[in-house]
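Q: Quick one: the structure is below, and I'll ask about it shortly.
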Amino acid sequence: MPAEPSSLNASVASVGVQSRAPVGIFDSGLGGLSVLRAVRAQLPDEALLYLADSLYAPYGERDDDFIADRTLAIGEWLVKQGAKALIVACNTATAQSIALVREKLPIPLVGVEPGIKPAALQSKTRVAGVLATQVTLRSARFQALLERYAADCRFLCQPGHGLVQAVERCDVGSPELRALLRDYVQPMLDAGADTLVLGCTHYPFLDAAIRDIVGDRLALIDTSVAIARQLERVLEQHGMRAAPQTAGAAPPRFCSTGDGAHLRQIVATLLQIDADVERVVIPSPRTAALSSQPA
């Protein structure tokens, strides 16, 4: 992941960020909860603020300008909430927007990206599958990853149409979902793939269903642990890591631009956390334009 600009040390100091301030985690919907889960395990003393832009999810079906518009607006909102660092826990938003947003926000950012490099290093058959959104697969960032790491490894890229929506409705194992997953991964197996990149933060919640289909024939690459470790390095670099606490940090704060009750249900089901969810309004130029259009 790109190194943070050296000027950020001064920028962070200028906004008075303290080590006890929260880390913001943002996703278009609920898939970033897989990243939150990994961060809590890696950095149990950090306060966390999770924002789901559920009103406009999934981003994989949005145009590039809309994604950049929302990512910047949400990043600015999280800064106003006191966030000391930001994880853009959405492959689509990272691919399309993180360079722009990193230039405009006064806090360090950590993005996510499909695990092309670890898959290329790990695959023995030199054939690997990638499940990701269509926007991620077409992005220049993703294509650059392929060019950099896939010189001697064939990557079979499959858009995961319908998978984000399945996780968002808490479906991680229905017969319909399993049939959809089988349609996606069977051609990879037939082509000799031995590794599968989960290229969207929603997809780790489908781990068990994928395992039931592929058994041990595919090694699954989930980058959420690597993201948590990168955050740890960034916080250490800027002197912002929270001091150890006997009982760890308080439960995360959860916010949503959409149905807070739905996010609460997902958090309880997938993370076993019983937490209130705040519904928030985060305007941005593109959404303001949409709301001003006649019905």
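Q: In this structure, is Ala275 part of a loop (DSSP other than H, G, I, E, B) and in contact with a strand residue (DSSP E or B) (Cβ under 6 Å, 6 or more places away or on another chain)? Let's see the steps before the verdict.
A: Values: part of a loop (DSSP other than H, G, I, E, B): yes; in contact with a strand residue (DSSP E or B) (Cβ under 6 Å, 6 or more places away or on another chain): yes.
Answer is yes for this residue.
Q: Filter the stretch 241-285 down to the residues that are of a type in the set (A, V, I, L, M, F, W, C) and farther than 29 Å from Ser19 by Cβ and list them by number.
A: Ala261, Ile266, Ala268, Val281
Q: Read through the list (1) within 18 Å of the chain's Cα centre (by Cα); (2) modelled with pLDDT of 85 or more, then give the number of the only condition that Asp45 fails.
A: Looking at each condition in turn, Asp45 falls short on (1).
Q: Could you pull out the residue among Arg217, Arg211, Arg253 that is surrounded by 17 or more Cβ atoms within 10 Å (Cβ to Cβ) and not hydroxyl-bearing (Ser, Thr, Tyr)? Explain how you work it out, then say what you get.
A: On the way: Arg217 fails: surrounded by 17 or more Cβ atoms within 10 Å (Cβ to Cβ); Arg211 fails: surrounded by 17 or more Cβ atoms within 10 Å (Cβ to Cβ).
None of the others qualify; the one that does is Arg253.
Q: Tally time: how many residues in the stretch 180-206 are outside any helix (DSSP H, G or I) and either surrounded by 18 or more Cβ atoms within 10 Å (Cβ to Cβ) or assigned by TED's automatic domain parsing to the domain that holds Arg37 (or both)?
A: 10
Q: Among the candidates Ala150, Ala120, Ala132, single out the residue that is in contact with a helix residue (DSSP H, G or I) (Cβ under 8 Å, 6 or more places away or on another chain), of a type in the set (A, V, I, L, M, F, W, C), under 27 Å from Ala99 (Cβ atoms) and at pLDDT below 90.
A: Ala150
Q: Now for a separate question. Does Ala275 satisfy the condition of being more than 20 Å from Thr201 (Cβ to Cβ) and in the same structural domain as Glu46 (by TED's automatic domain parsing)? Give the steps one after another, and end with the answer.
A: Numbers: more than 20 Å from Thr201 (Cβ to Cβ): no; in the same structural domain as Glu46 (by TED's automatic domain parsing): yes.
Considered against the rule, which asks whether it is more than 20 Å from Thr201 (Cβ to Cβ) and in the same structural domain as Glu46 (by TED's automatic domain parsing), Ala275 comes out as no.
Q: Somewhere in the stretch 219-237, is a residue part of a loop (DSSP other than H, G, I, E, B) and either in the same structural domain as Val127 (by TED's automatic domain parsing) or within 23 Å of Thr133 (Cβ to Cβ) (or both)? Break it down stepwise before answering.
A: Taking the stretch 219-237 and keeping what is part of a loop (DSSP other than H, G, I, E, B), we get 222-223.
Narrowing the set further to residues that are either in the same structural domain as Val127 (by TED's automatic domain parsing) or within 23 Å of Thr133 (Cβ to Cβ) (or both) leaves 222-223.
Yes, because at least one residue in the stretch 219-237 is part of a loop (DSSP other than H, G, I, E, B) and either in the same structural domain as Val127 (by TED's automatic domain parsing) or within 23 Å of Thr133 (Cβ to Cβ) (or both).
Q: Return a yes/no flag: does the stretch 170-179 have any residue that is in contact with a helix residue (DSSP H, G or I) (Cβ under 6 Å, 6 or more places away or on another chain), modelled with pLDDT of 95 or more, more than 30 Å from Pro106 (Cα to Cα) and outside any strand (DSSP E or B). Break it down into steps so the answer makes sense when it comes.
A: Narrowing the stretch 170-179 to residues in contact with a helix residue (DSSP H, G or I) (Cβ under 6 Å, 6 or more places away or on another chain): 170-173, 177-178.
If we keep only those that are modelled with pLDDT of 95 or more too, we end up with 177-178.
So of that shortlist, the ones also more than 30 Å from Pro106 (Cα to Cα) come out as 177-178.
Then keep just the ones that are outside any strand (DSSP E or B); that gives 177-178.
Yes, there is a match, as at least one residue in the stretch 170-179 is in contact with a helix residue (DSSP H, G or I) (Cβ under 6 Å, 6 or more places away or on another chain), modelled with pLDDT of 95 or more, more than 30 Å from Pro106 (Cα to Cα) and outside any strand (DSSP E or B).
Q: Please enumerate the residues belonging to the stretch 223-233 that are more than 14 Å from Pro22 (Cα to Cα) and either among the small types (Gly, Ala, Ser) or surrounded by 20 or more Cβ atoms within 10 Å (Cβ to Cβ) (or both).
A: The first filter runs over the stretch 223-233 and keeps only residues more than 14 Å from Pro22 (Cα to Cα), leaving 223-230, 233.
If the condition is that a residue be more than 14 Å from Pro22 (Cα to Cα) and either among the small types (Gly, Ala, Ser) or surrounded by 20 or more Cβ atoms within 10 Å (Cβ to Cβ) (or both), then Thr223, Ser224, Ala226, Ile227, Ala228 are the ones that fit.
Q: Identify, please: which residue in the stretch 258-277 is in contact with a Phe, Trp or Tyr (Cβ under 7 Å, 6 or more places away or on another chain) and either more than 13 Å from Arg169 (Cα to Cα) or loosely packed, with under 12 Cβ neighbours inside 10 Å (or both) and is, among those, modelled with the highest pLDDT?
A: Here is the first cut: in the stretch 258-277, the residues in contact with a Phe, Trp or Tyr (Cβ under 7 Å, 6 or more places away or on another chain) are 263, 267, 270, 275, 277.
Within this subset, residues satisfying the condition of being either more than 13 Å from Arg169 (Cα to Cα) or loosely packed, with under 12 Cβ neighbours inside 10 Å (or both) are 275, 277.
Numbers: Ala275: 92, Val277: 95.
Top of the filtered list is Val277.
Q: With the requirement that a residue be under 27 Å from Arg233 (Cβ atoms) and at pLDDT below 95, what does the stretch 54-75 give you?
A: Tyr59, Ile67, Ala68, listed by residue number.
Q: A further question follows. So how many residues does the stretch 200-215 have that are touching a residue at least 60 places away in the same chain (Cβ under 8 Å) and hydrophobic (A, V, I, L, M, F, W, C)? Before you say what the answer is, go through the steps one by one.
A: Of the stretch 200-215, the ones touching a residue at least 60 places away in the same chain (Cβ under 8 Å) are 200-205.
Within this subset, residues satisfying the condition of being hydrophobic (A, V, I, L, M, F, W, C) are 200, 205.
Residues in the stretch 200-215 being touching a residue at least 60 places away in the same chain (Cβ under 8 Å) and hydrophobic (A, V, I, L, M, F, W, C): 2 in total.
Q: Let me ask something additional. Sort through Val234, Val267 and tell me the only one that's touching a residue at least 40 places away in the same chain (Cβ under 8 Å) and under 21 Å from Gly29 (Cα atoms).
A: Val267
Q: Additional query: For the stretch 67-164, give me every one of the strands (runs of 3 or more DSSP E) that falls completely inside it and has 3 or more residues that are buried (at least 24 other Cβ atoms within 10 Å of the Cβ) and out of contact with any Asp or Glu (no Cβ under 7 Å at 6 or more places or on another chain). First the steps, then the outcome.
A: Details: elements: 85-88, 109-111, 127-132, 154-159.
Correct list: 85-88, 127-132.
The values are calculated or read from the model by the stated rules, or taken from the named source; none is laboratory data. Remember, predicted model here, so these are calculated numbers, not experimental data. Backbone-built Cβ (ideal geometry, glycine too); neighbour counts: all protein chains shown.
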